[in-house]
1. What GluC sites (Glu not before Pro) does segment 67-148 have in DSSP loop regions with at most 11 other beta carbons within 10 Å?
2. Which whole-Hz ³J(HN,Hα) couplings does segment 46-58 yield from phi under the Karplus relation 6.51 cos²θ - 1.76 cosθ + 1.60, θ = phi - 60°, glycine and proline marked x?
3. List the trypsin sites (Lys or Arg not before Pro) within segment 33-117 that fall in a DSSP loop (any state other than H, G, I, E or B) and whose Cβ has at most 16 other Cβ atoms within 10 Å.
4. Rounded to the nearest Å, what's the spacing between the alpha carbon centres of segment 185-254 and segment 40-63? Just the number, please.
5. At 7 Å along Cα-to-Cβ for each site, give me the label-to-label distance between I154 and E67 in nm.
6. Label points 7 Å out from Cα along the Cβ direction at V96 and E199: separation in nm?
7. Order of H195, H134 from fewest to most other C-beta atoms within 10 Å?
8. Using the basic label-point model (7 angstrom from Cα toward the beta carbon), what is the I84 to R229 distance in nanometres?
Amino acid sequence: MLLNNKFLLLLGFFFFSLQSYSQKDILDYIVKDKDTFYGAIRTNGTQNRLWFYHRVTGEDGKSFIKEEKISKKKIRTFRRNGKIFHYREGEYQTLVRVIPDYIVTKENDTVYGEIKTSFFMQKRFLLDKKGEKHPIKSDVVSAYSVDNKVYKLINGSFCRLILEGPVSLYYFIQGNTGSGLEMSFNADLSGVYIHKGEEFQRVFNSGFYPVTEALFGDNLELMKRIEEREFTIDNIYLVTQIYNRYLEEKKASL
């Protein structure tokens, strides 16, 4: 029996909808007129503006990516990169999970205390509860947490952890070995790296597709969504989450 093109389009969208439904716990979303819409939020290179992108179906039965600017008047709640924001007192606010200061030694011991920076040398150290100083150096420390940020030692340098999983995301500042402070730490994605197995790949806007194809290419559906610009470099956190979910489901099916 032959199937017409319209039926095939609807069938494809049906399976896409099933996949999107299974990802609702990780997708970005906005709440508008008491309805929740799932998709991807990005800044498009701006500092204080956000846009929401989600897949909708047109009158011809074909799906396309719809763009909508996030307005404070219309959208009071949204989730981006796992954080939920509510509009209160003239701005979007989110709850911040407090992470105590600590270091993890090369012997895998965790020491809690307060991380300070020496005035003259600008070097970080942890002052433990007994008053002892523990220098933060790459030859003795494998990870540490300060100011609600976690840093892990990757290839001899400390990188700020963004997302941890089978595939992880890090911020990396060239030359930051942990002995000094980071000179710059902008959220412009210029220092974002994907860590998968032995691979440690920097993500560039111009080379976003080749990098994701090399690391995530076995997930054909995800690559299709990237190719159709449902996700861009602005959504690298979300893309990595979706790929990690794909690996978990693949492992569970074996």
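Bear in mind that the values in this text are calculations on the coordinates, not laboratory data. From a predicted model like this one, the values you see are computed outputs, not experimental measurements. All Cβ positions, even for glycine, are placed from backbone atoms using ideal geometry, and neighbour counts span all protein chains on display.
1. Loop-located and lightly packed - E89, E107, E132.
2. 8, 9, 10, 10, 10, 10, 10, 10, 8, 8, 10, 10, x
3. The qualifying sites are K34, R49, K62, K72, K73, K74, R97, K106.
4. 18 Å
5. Computed distance between label sites I154 and E67 equals 3.0 nm.
6. 3.4 nm
7. Listed from fewest to most nearby Cβ atoms, that is H134, H195.
8. Taking the two extended label points, one gets 3.2 nm.
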